[in-house]
Amino acid sequence: MTLPPTRYWLMKSEPEDCSIDDALAAPDATVPWTGVRNYQARNFMRDGMQVGDGVLFYHSSCAEPGVAGIARVASGTRVDTTQFDPASPYFDPKSAPDKPRWLLLDVQALRKTRVLGLAEMREQPALAAMRVLQRGNRLSITPVEPGEWELITQRLLA
DNA sequence: GCCAACGTTGGC
DNA sequence: GCCAACGTTGGC
């Protein structure tokens, strides 16, 4: 079985919870991606994401939503223990410790960029298919096509 | 604060 | 298994 080509992803984070600055300030600039509580996003982590994959670090639910930095997948998946913590906002009372529902992986921030906002993204016809631009999109982890990655990172790193 | 879109829940 | 009600997301 041949390995898939290098993969790219967009991961949403509320900056009040974990911003690109917060991630860069963490040890090794690496943070555990806690709180994914959607099966499709979980399955992307479990079945699709590999160490080294590129990540667009996206700020959501904030004054300036958009891509705010570049990161990479830094680990495989493991159990997200916040699902068992009644004090956590991510507590899931229906998840049993012997049969955990939710996983996380580590994300390593590589650099902060300017914010590439949704309006600017919509100006680019080549980005029109991105999930994050679709109306009603709520998925917190979405695949990014190589061409989309190239265009976005070139604009951000120019 | 509004509201559209979507996932989940639960009665049947 | 259907589907209406409900809760959440997230841009505006």
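The values are calculated or read from the model by the stated rules, or taken from the named source; none is laboratory data. Predicted model, so just to flag it, every value in this text is computed and none were measured. Backbone-built Cβ (ideal geometry, glycine too); neighbour counts: all protein chains shown. SASA here: full protein model, heavy atoms, side chains in, ligands and nucleic acids out. Shrake-Rupley method; radii C 1.70, N 1.55, O 1.52, S 1.80 Å.
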| remark: Output for Cβ contacts, cut-off 6 Å, separation at least six or different chains, first residue among the basic types (K, R) in region A:13-42, second open to solvent by less than 70 Å² (accessible area, probe 1.4 Å), reads A:R42/A:V36; A:R42/A:L103
| task | Determine whether A:F57 is assigned to a helix (DSSP H, G or I) and under 28 Å from A:L151 (Cβ atoms). | result | no
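State the number of residues belonging to region A:120-145 that are open to solvent by 70 Å² or more (accessible area, probe 1.4 Å) and part of a helix (DSSP H, G or I).
Of the residues in region A:120-145, 3 are open to solvent by 70 Å² or more (accessible area, probe 1.4 Å) and part of a helix (DSSP H, G or I).
Could you check region A:108-137 and list, in sequence order, the residues that are touching a residue at least 40 places away in the same chain (Cβ under 8 Å) and within 16 Å of DNA strand C (Cβ to nearest atom)?
Filtering region A:108-137 for residues touching a residue at least 40 places away in the same chain (Cβ under 8 Å) gives A:108-118, A:120-121, A:130-132.
Listed by number, the residues that qualify are A:V115, A:L116, A:G117, A:L118, A:E120, A:M121, A:M130, A:R131, A:V132.
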| remark: Selection from region A:53-89 of residues open to solvent by 10 Å² or more (accessible area, probe 1.4 Å), among the hydrophobic types (A, V, I, L, M, F, W, C) and touching a Pro at 6+ places or on another chain (Cβ under 8 Å) yields A:C62, A:V79, A:F84
